[in-house]
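Heads up, the thing below is written out as structure tokens.
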Amino acid sequence: MSMDRRKFLKIAGISSVLGLGASVAQATHNIWSKGLGPDQVAQNSKALKAKHWAMVIDMSKFRTDADFRKVADACHHIHNVPNFKTPDGKVDIKNEIKWIWKETYEHAFPQQENPYMEESLKEKPFLVLCNHCENPACVRVCPTKATFKRQDDGIVMMDMHRCIGCRFCMAACPYGARSFNWTDPRPAIDPRFENREYPTRTKGVVEKCTFCTERLAVGKMPACVEAAPKGGMFFGDLENHNSEVRKIVKTRLTVRRKPELGTGPSVYYLIGGKDHA
Amino acid sequence: MLEKALVGSKKYWMWVSFLGTLILVGLFNYLRQFSYGLGITGLGRDVSWGLYIGQFTFLVGVAASAVMLVIPYYLHDFKKFGKIVILGEFLAVAAVIMCQLFIFVDMGQPMRVLNVMLHPTPNSVMFWDFLVLTGYLVLNIVIGWVTIGSDRKGVPPPKWIKPFIYLSIPWAVSIHTVTAFLFAGLPGRHFWLSAIMAARFLASAFAAGPSLLIILALIVRKTTKFDPGKEPIQAIGKIVAYAMFANVFFLGLEFFTAFYSQIPGHMESFIYLYKGLEGHTELVPLMRLSSVLAVVSLGMLLFPGIRKREGLLAFAAVALFISLWIDKGFGLIIGGFVPNMLNQVRTYWPTVTEGLIALGVWSVGFFVLTVLYKVAVGVREETAGVEIEH
Amino acid sequence: MKLYDGGKIIAGLIVFVALAAFPFFYNIGKANPKPEPKLDTPAIRQWEKQYGKKECIESKAYMRAEHMQLLNDWRDSVVRDNERLYISTTSKKHFNMSLQNDCMQCHSNKKKFCDECHNYLAVKPFCWDCHIAPKEDEKS
């Protein structure tokens, strides 16, 4: 039978499109339908559970610089957070990665400036970290759900395997809580503090505090909370009326960063310290 | 019809080789970036989007501007645009390809880019951007190719192409609206958090894109036997004038809201860009140049006496294009990141590698544009004297 | 039908076939030895002492064919669903779903185990970009 070239090309084109389409559909179906069945998974009995994990920070308990260093190091060391420095030993502000760190009052709460405030108060350091917002802008913008809000406990989590490194979340976060791996972090990880039980990240993905989900899963408090001076940091379930954090937030004066943006941060800062617990 | 791009004068081949060299240089530098990471650019924790995203933003506008020829010709039967709508559509193709390339080179994990399709996330504006840009690319390739193909045969295009042409009109508006939404919905970045962001984007798009078209039309007239015609170019000039007026007006509106309200969050980015903040004045010369060029070009475009003289029109078009390239392709993006969310001034400047990669992407775009224009011009030269019926 | 430019065409074809078939020519007579992943690690020997046999979380055949997909499923389960314990379908034992902390405890000889097959098949999984590979000295 004879067929002209045009018809041949049409048939070839349609068959390839159908073939490609079928294989793409097959692959997508495979990706979406695999997964572990409920009889294949279990939870550690010691795991800590909550409906809404939240944190209260009492800055009055942090008296020396060493107090901050201890908290930041606890987190950064167990999570293999790299320490980027410039050739002259200063912090490399371009490449730096930080999950929890200290900022002065005027930077932690930019809208609350008071020009007549005492200098020492303006310079007062505050611990800042990801706020694990109730209405997170970063989750709203992520095109792959690489950052997502856990349904059961409200933690804003990072899936390092899915992140495409578009950094939309970094643009969206109103608190500057996120860091990006501009290059391979491994050379900048201090080998003295390497934690072989936790992965590193690779270049090209965003990272941030995860409220230590891996520790919560085995019944431990987040590393920063454990390393904080006594009464400095509280961590618990805001939906549990008996939890420390709920009681503090209910009875004492606390502030959150940029609450007017509607993000609903879960990190509360206690005002007017004094001895509590 | 692609065979038309395979024959050309010595100048044509020199131009194509020049672009090819720049593409290879860009590719080589991209491989370096792929190996080292995005740290090879000037980006950092505080300014995490820069040249690449800025160029993408600017070029989406250029791509959308094809609609400024499509609407008069197909909706309002403005026959003067008959021979040059194809130039707008092919420019859109080249521009969208550049947009997608700029996004690709900006990704930290480009090999995972398909995750956006495998895990669709309708609440993410970037998901929609991906879709609408791809759709617009396909639309313009199909529309452009089919119409120029039927022009070559001297027949009206097939009826089924009309719905696609009509679809491309709202679609063009959508690509730039969605791109504006990337910025305009982010809480905390008050420089971008403005309702008229999308309107500003569209106005600057409809000024910059057609300006480029004027320049391209003049180049086509000079280097080929196809003359787009004095009147179509004048008509585009009028469109550019109105669009640029709207653009400058909208920028004025932003300035008013920021400075009349005196709210620091709204003012600080403008101050950084145009005056300098905490001693950082890196962008001030560029931004002031952008303003001067904007005023000069708008001034020239508003007077028909000046617009009618093609040399002056070309000058105004170039000045406008550069002005908006600075404003949208650079200033707008960086302004959103300075000061950062902790009110600190941390600045950004692209590196040489970054610039070469960007230049490589522009060269790919111009390469595509050259090939497509060679085809279109080839058909027009072939069918000179034949009336177009669309 | 006359073959125009026949000389050039035949010459070009010969060059093409030579280039395309080069990998085959180059490797004639050389066969890479079959990969032999070794299970000889302290942790596996310990397991064998304790349970009387070597056993992985699932059967060898299953692991060989499915470990890639299994690791993907584990990843989604741990990161996205917060389910961290895996119940083996064969032995019903519970395992931590962790490449770094569980699989590599027994298979601490990555070079003689994982890399054996991966190198043979020229597969370069990028797990190790993030997950810290076990430290190995050449003796183990």
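Data for the structure
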item	result
Cα gyration tensor category, rounded, prolate or oblate, for chain B with a/c compared to 1.5	prolate
Straight-distance crosslink candidates among aspartates and glutamates, where the alpha carbon sits under 13 Å from C:Lys54 and sequence neighbours closer than 8 are dropped	C:Asp40
Alpha-carbon centroid distance for the pair region B:44-62 / region A:218-277, whole angstrom	38 Å
Listed pairs B:Lys11/B:Lys162; A:Lys145/B:Lys162; A:Lys208/A:Lys230 exceeding 28 Å between Cα atoms	B:Lys11/B:Lys162; A:Lys145/B:Lys162
Per DSSP, loop GluC sites (Glu not before Pro) in region B:326-383 with at most 11 further Cβ within 10 Å	none
Interchain or long-range residues, amide H under 5 Å from B:Gln109's placed H	A:Gly165
Dipole of the protein assembly as shown [Lys/Arg +1, Asp/Glu -1 at C-beta], most positive-end residue of B:Thr41, B:Ala66, C:Pro42	B:Ala66
Label-to-label distance, nm, for residues given as A:Leu121 and A:Glu197 (7 Å Cα→Cβ offset)	4.3 nm
DSSP H segments from chain A that extend 15 Å or more along their own axis, Cα-based, with Kyte-Doolittle mean of -1.0 or above	A:5-33, A:65-78
Of C:Cys103, C:Cys56, C:Cys130, the one that fluctuates the most in a GNM where chain C has Cα springs shorter than 10 Å	C:Cys130
For region A:53-270, size of Cβ-based charge dipole, Lys and Arg +1, Asp and Glu -1, in debye	300 debye
DSSP beta bridge pairing in chain A, given as percent antiparallel to the nearest 5	85 percent
From the C-alpha gyration tensor of region A:70-128, square roots of 5λ in Å	27, 14, 10
Solvent exposure ordering (accessible area, 1.4 Å, most first) of B:Glu3, A:Glu226, B:Glu387	B:Glu387, A:Glu226, B:Glu3
Kyte-Doolittle mean at least -0.5 and Cα axial length at least 20 Å: DSSP H helices in chain C	C:6-26
Residues C:Thr89 and C:Val17, FRET efficiency given R0 of 45 Å [Cβ-Cβ distance, rounded to 0.05]	0.35
Solvent accessible area, Å² - A:Thr251, 1.4 Å probe, full protein context	100 Å²
Tilt relative to chain B, helix B:161-184 - C-alpha long axis, 0 to 90 degrees, to 10	10 degrees
Long-range HN-HN contacts of A:Thr104 with modeled amide H, under 5 Å	A:Phe126
With Cα atoms, 0 to 90° folded angle of helix B:264-274 axis to chain B main axis	60 degrees
Among B:Leu298, B:Leu24, B:Leu332, residue whose mean-square fluctuation peaks in a GNM of chain B (springs only between Cα atoms under 10 Å)	B:Leu24
The protein assembly as shown, Cα convex hull volume normalised per residue, Å³	232 Å³
List B:Lys4, B:Lys10, ordered by accessible area with a 1.4 Å probe, largest first	B:Lys10, B:Lys4
Furthest towards positive pole of dipole, B:Phe191, A:Ser15, B:Thr347, structure part the protein assembly as shown, Cβ charges	A:Ser15
Order of exposure, largest accessible area first, which applies to A:Trp53, B:Trp171 with probe 1.4 Å	B:Trp171, A:Trp53
DSSP-defined beta bridges in the protein assembly as shown - what % are antiparallel, rounded to 5	90 percent
Label-point separation, C:Phe24 to B:Val7 (7 Å along Cα→Cβ), nm	4.1 nm
Selection from A:Trp99, A:Gly219, C:Gly29, by position along the positive dipole direction of the protein assembly as shown (Cβ)	C:Gly29
With DNA, RNA and ligands ignored, accessible area of B:Trp325 (1.4 Å probe; Å², nearest 10)	80 Å²
Unsatisfied cross-links (Cα-Cα over 26 Å) in the set A:Lys98/A:Lys203; C:Lys34/C:Lys124; A:Lys85/C:Lys111; A:Lys203/C:Lys60	A:Lys85/C:Lys111; A:Lys203/C:Lys60
Spatially proximal aspartates and glutamates relative to A:Lys46 (Cα-Cα < 15 Å; intrachain offsets below 8 disregarded)	A:Glu214, C:Glu83
Heavy atoms of C:Lys30 accessible to a 1.4 Å probe, total area in Å² rounded to 10	110 Å²
Alpha-carbon centroids, region A:39-95 and region B:17-34: separation in whole Å	41 Å
Angle in degrees between helix B:230-261 and the longest Cα principal axis of chain B, rounded to the nearest 10	10 degrees
Fluctuation leader among B:Leu320, B:Leu131, B:Leu212 - chain B, Gaussian network, Cα springs under 10 angstrom	B:Leu131
Cut-off under 5 Å, modelled amide H: who pairs with A:Thr147 long-range	A:Asp159
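The values are calculated or read from the model by the stated rules, or taken from the named source; none is laboratory data. The shown structure was predicted, so the numbers you read here are calculated from the model rather than taken from an experiment. Don't worry about glycine lacking a Cβ; one is built from the backbone with ideal geometry, like all the others, and counts go over all protein chains shown. Side chains included, ligands, DNA and RNA excluded: accessible areas come from the protein's heavy atoms. Shrake-Rupley method; radii C 1.70, N 1.55, O 1.52, S 1.80 Å.
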